[in-house]
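Notes follow the structure.
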Amino acid sequence: MFNSLSDRLSATFKNLRGKGRLSEADVDATVREIRRALLDADVAVPVVREFTAKVRERALGAEVNAALNPAQQIVKIVNEELVEILGGQTRRIRLAKNPPTVIMLAGLQGAGKTTLAGKLSKWLKGQGHSPLLVAADLQRPNAVKQLQVNGERAGVPVFAPHPGVSSEFEAATGDPVAVAQAGLAEARSKLHDVVIVDTAGRLGVDAELMQQAANIRAAISPDEVLFVIDAMIGQDAVATAQAFDQGVNFTGIVLSKLDGDARGGAALSVATVTGKPVMFASTGEALDDFEVFHPDRMASRILD
Ligand code: GDP
């Protein structure tokens, strides 16, 4: 991910090497190149516009810094602005004062929610927590089973609607709100300190799905609602993120499939357009392919 963006930006900065001082024309030419690179990487237009305006303003106003040559100075500015669009600081999970901490997952079908549920539970377990996974995705017949498999791999128990859910009919007739509530009650009675609730996704955003997710949110008052987005979906990412933000008012973003070779820029835009931080990254199909998202490290990786 981001390889071509990375190459394009470093080529742009290379052109500045050896320059003793940057004229306004130099800055403008550089900013134009950065704009093209970001747009070609699928970064959303309004995000690109704001980003380049800030870089230009800061580059023109930059004080002479004896330690940095002009090229380094622009790289530094771009780096800092990239960190900003990625959410600024690393945002950690907010743990509830009175456990259990409730984490709800939302996103389109195929985004990687069920996989993430397993990864997140394993990671939390490794941090000394005692998580419970709750299978409230009753839309996709296989989702409950898949969560059970992931839970088993992670060594984390799974609360499922009724353990024998096997047919599409049975799954679709269950009530996900009731399952989520029952899962929460189970966590309380078994003293789990974190509950991760997997919810249904559809192929596209639809009103019924959003209402269902909103109902679950209202019923369980989660401490975190994580919106999982497939970094490969390109330009649709922004509209999808906005729809979910309106629907479930999520508190954080998880970028999944960052191991893919898509251009990735749309995923870079979702934090800015929703004002919500990227909190985790999913980087493969295995349970350990998961990391806390650090905006500064991601920016450095892109500018490497
Ligand atoms: P859900 O419908 O949102 O629950 O999505 P799933 O968790 O079922 O994931 C959909 C598909 O994407 C599965 O085949 C996963 O193995 C795969 N997947 C999930 N996360 C990642 C990731 O970070 N990288 C890659 N390469 N594949 C992933």
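The values are calculated or read from the model by the stated rules, or taken from the named source; none is laboratory data. Here the structure is a predicted model, which is why all the values come from computation and not from measurement. For neighbour counting, all protein chains shown are included, and Cβ atoms are generated from backbone atoms with ideal geometry for every residue, glycine included. Just the protein is used for accessible areas: all its heavy atoms, side chains included, with ligands, DNA and RNA removed. Shrake-Rupley method; radii C 1.70, N 1.55, O 1.52, S 1.80 Å.
Only one of (1) of a type in the set (Asp, Glu); (2) open to solvent by less than 50 Å² (accessible area, probe 1.4 Å); (3) more than 11 Å from the ligand (Cβ to nearest atom) fails for residue 80. Which number is that?
If we test residue 80 against (1) of a type in the set (Asp, Glu); (2) open to solvent by less than 50 Å² (accessible area, probe 1.4 Å); (3) more than 11 Å from the ligand (Cβ to nearest atom), just (2) comes out false.
Restricting to the range 92-129, name every residue that is open to solvent by less than 50 Å² (accessible area, probe 1.4 Å) and away from the ligand (no atom under 16 Å from the Cβ).
Hits for the range 92-129 are 93, 96, 100, 101, 102, 124, 129.
Output yes when any residue across the range 139-148 is among the hydrophobic types (A, V, I, L, M, F, W, C) and within 17 Å of residue 279 (Cβ to Cβ), and no when none is.
Filtering the range 139-148 for residues among the hydrophobic types (A, V, I, L, M, F, W, C) gives 143-144, 147.
Filter once more, so that each one left must be within 17 Å of residue 279 (Cβ to Cβ): none.
No.
Quick one: count up the residues across the range 193-233 that are farther than 30 Å from residue 126 by Cα and open to solvent by less than 10 Å² (accessible area, probe 1.4 Å).
Of the residues in that region, 1 qualify.
For the structure I just gave you, tell me whether residue 214 is under 22 Å from residue 37 (Cβ atoms) and small (Gly, Ala, Ser). Let's see the steps before the verdict.
On the way: under 22 Å from residue 37 (Cβ atoms): no; small (Gly, Ala, Ser): yes.
Answer is no for this residue.
Consider residue 71 against the criteria (1) farther than 20 Å from residue 295 by Cβ; (2) hydrophobic (A, V, I, L, M, F, W, C); (3) not in a helix (DSSP H, G or I): it satisfies all of them except one. Which criterion is unmet?
(3)
Go through 53, 96 for me and flag whichever is in contact (Cβ under 8 Å) with a residue 60 or more places away in the chain and either under 29 Å from residue 246 (Cα atoms) or in a loop (DSSP other than H, G, I, E, B) (or both). Don't jump to the end; show me each part of the working.
Values: 53 fails: in contact (Cβ under 8 Å) with a residue 60 or more places away in the chain.
The unique qualifying residue is 96.
Tell me which of these residue 87 doesn't satisfy, since it passes every other one: (1) away from the ligand (no atom under 13 Å from the Cβ); (2) among the small types (Gly, Ala, Ser); (3) surrounded by fewer than 21 Cβ atoms within 10 Å (Cβ to Cβ).
Going through the list (1) away from the ligand (no atom under 13 Å from the Cβ); (2) among the small types (Gly, Ala, Ser); (3) surrounded by fewer than 21 Cβ atoms within 10 Å (Cβ to Cβ), residue 87 breaks only (3).
Being within 23 Å of residue 250 (Cβ to Cβ) and free of Cβ contacts under 8 Å to residues at least 24 places away in the same chain is the filter; apply it to the range 275-301 and report the residue that is surrounded by the fewest Cβ atoms within 10 Å (Cβ to Cβ).
Checked the range 275-301; the qualifying residue surrounded by the fewest Cβ atoms within 10 Å (Cβ to Cβ) is 275.
When the residues of the range 130-152 are narrowed to those that are open to solvent by less than 30 Å² (accessible area, probe 1.4 Å) and part of a loop (DSSP other than H, G, I, E, B), which ends up farthest from residue 280 (Cα to Cα)?
Keep residues of the range 130-152 that are open to solvent by less than 30 Å² (accessible area, probe 1.4 Å), which gives 131-138, 143-144, 147, 150-151.
Filter once more, so that each one left must be part of a loop (DSSP other than H, G, I, E, B): 137-138.
Values: 137: 21, 138: 25 Å.
Of everything passing the filter in the range 130-152, 138 is farthest from residue 280 (Cα to Cα).
If you go through the range 145-165 one residue at a time, do you hit one that is of a type in the set (Gly, Ala, Ser) and modelled with pLDDT under 95? Spell out how you get there, then give the answer.
Let us first name the residues in the range 145-165 that are of a type in the set (Gly, Ala, Ser), namely 151, 154-155, 160, 164.
Going one step further and asking which of them are modelled with pLDDT under 95, we end up with 160, 164.
Scanning the range 145-165, I find at least one residue that is of a type in the set (Gly, Ala, Ser) and modelled with pLDDT under 95, so the answer is yes.
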